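Each remark here refers to the structure printed beneath this line.
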Amino acid sequence: MNSEVYVGVDVHEGESQIAVLNKDGELLEEKRLPTCSLTKYLSSINGNKHVAVEAVGFVYPIYDKLKMLNDCTVSVASPSRLQLIAKSKLKNDRVDAIALGELLRTNYLPVSHMIDEQAREKKLLAMARYARRKARVIVEIKWLLKRRGIKVKGHDDLKELHLPEIDRRLKEMELLNSIIDELENAIRETAANDERVKLLDTIPGIAPYSALYLSTMLDDVGRFHDSKQAAAYLGLVLSLYQSGDVCYTGHITKAGDPVLRSILIQCARASIKSDKRLKEFYLRIKHKRRQ
């Protein structure tokens, strides 16, 4: 019967620190090696390998390669919930790697949900931020005009100014507009071929873009026990403080993606304009909170 080993990997772009533990928590080996050699090293370890990797921006290529190894299960830790490492007084790569292995061994590792390659492409499409870049350029143009004490009525008036700093930003705006049009077409095409996105798009206030963004962030809704758990994942539940007989709630936890929460707020505002029942519910809550 193969032995069980638990491997904590503190990943960095150049090198990674590795700690190998047995099922009793005994440290078998520590090693620092190039990250590109990580797969080769782990494949040389005998036994059933349980690998814990902390989530980093480039974790997916590493995760995909490790998953292909024989007798290897890979768990990606959620950095925001990895309290043991975050609160440790002694913090370095060696300690982090050992802590990851120990948390995995004792089944206390907070695991991140990993999406498949197809979902990743949809997520990258939904997360394109060109509209925000356009808004930033507009702000820059307004500031440049204010600094010169110039007031204009529209886009055509800006061109007539023939100011180099304005002209450069207008060219940038044209490029951004073309990219945004291209993205919107891609989003509509993707939404039209995704059953979950099409279903979300039927909700009042939801449009193809917001439906795609919400779908990619939630991914498989079957992983949530109920709607309350999904709301908690999105950071839309009230924070709770409880100690002894004292118990009170605060503002929402904001634990999820901030862009998604902003999108959902916009969707909610749009929905109360098109759905009578939602508008009545909104007005009751608004009156109750005296806003």
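Which order do L21, L42, L236 fall in if you start with the one that has the fewest other Cβ atoms within 10 Å? If you can, show how the numbers build up before the last one.
On the way: L21 23, L42 20, L236 17.
Going from sparsest to densest Cβ surroundings: L236, L42, L21.
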Note to self: Kirkwood Rh of the chain, Cα pairs, one decimal, Å, is 23.3
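About the Cα centre, and with charges only on the beta carbon of Lys, Arg (+1) and Asp, Glu (-1), how big is the dipole of the stretch 221-289? Nearest 20 debye, please. Each step should come with its number before you reach the end.
Values: 13 positive and 5 negative charges, 93 e Å.
So the dipole magnitude of the stretch 221-289 works out to roughly 440 debye.
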Taking trypsin sites (Lys or Arg not before Pro) in a DSSP loop with at most 13 other Cβ atoms within 10 angstrom as exposed, one finds the longest site-free stretch of the chain at 154-253
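Hand me the chymotrypsin sites (Phe, Trp or Tyr not before Pro) from the stretch 84-180 located in a DSSP loop with no more than 11 other Cβ atoms within 10 Å, in residue order please. Before the final figure, lay out the partial values.
Working: sites: Y108, Y130, W143; in loops: Y108.
Hits after loop and neighbour filter: Y108.
Would you mind working out the magnitude of the charge dipole of the chain relative to its Cα centre, with +1 at each Lys and Arg C-beta and -1 at each Asp and Glu C-beta, to the nearest 20 Debye?
Working: 48 positive and 39 negative charges, 403 e Å.
Its charge dipole is roughly 1940 debye.
Within the stretch 28-66, list the chymotrypsin sites (Phe, Trp or Tyr not before Pro) lying in a DSSP loop whose Cβ has at most 13 other Cβ atoms in a 10 Å radius. Numbers along the way, then the final one.
Details: sites: Y41, F58, Y63; in loops: F58.
Here the sparse-neighbourhood loop sites are F58.
Sorted from fewest to most neighbouring beta carbons within 10 Å, what does the list I115, I206 look like?
So the residues, fewest neighbours to most, are I115, I206.
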In terms of the charge dipole of the chain, which places +1 on Lys and Arg and -1 on Asp and Glu at the beta carbon, the residue among V152, V56, N185 farthest towards the positive end is V152
In the chain the DSSP beta bridges are antiparallel at a rate, in percent to nearest 5, of 60
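For the chain, what is the mean residue ellipticity at 222 nm derived from helices alone (per DSSP H run of n ≥ 4: -39500 (n - 2.57); sum divided by total residues; nearest 500 deg cm²/dmol)?
-16000 deg cm²/dmol
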The stretch 1-60: antiparallel bridges as % of DSSP beta bridges, rounded to 5, reads 70
Out of C36, C267, C247, a Gaussian network model of the chain with alpha-carbon springs under 10 Å gives the largest mean-square fluctuation to C247
In the stretch 4-114, taking the dipole from +1 charges on Lys and Arg beta carbons and -1 charges on Asp and Glu beta carbons about the Cα centre, the listed residue (L104, T35, A19) farthest towards the positive end is L104
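Just want the ordering: V74, V7, V139, from fewest to most Cβ atoms lying within 10 Å of their own Cβ. The partial results should precede the final answer.
On the way: V74 22, V7 27, V139 10.
Taking fewest neighbouring Cβ atoms as first place, the list is V139, V74, V7.
Quick check on the stretch 4-114: of the DSSP beta bridges with both residues there, what percent are antiparallel, nearest 5%?
Values: 14 of 26 bridges.
The antiparallel fraction comes to roughly 55 percent.
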Correct response: the longest run of the chain lacking exposed GluC sites (Glu not before Pro), defined by DSSP loop and at most 13 other Cβ within 10 Å, is 27-291
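Where a number appears in this text, it was derived from the coordinates with a stated rule and is not lab data. Predicted model, so just to flag it, every value in this text is computed and none were measured. With ideal geometry, Cβ positions are generated from the backbone for all residues, glycine too; neighbour counts draw on all protein chains shown.
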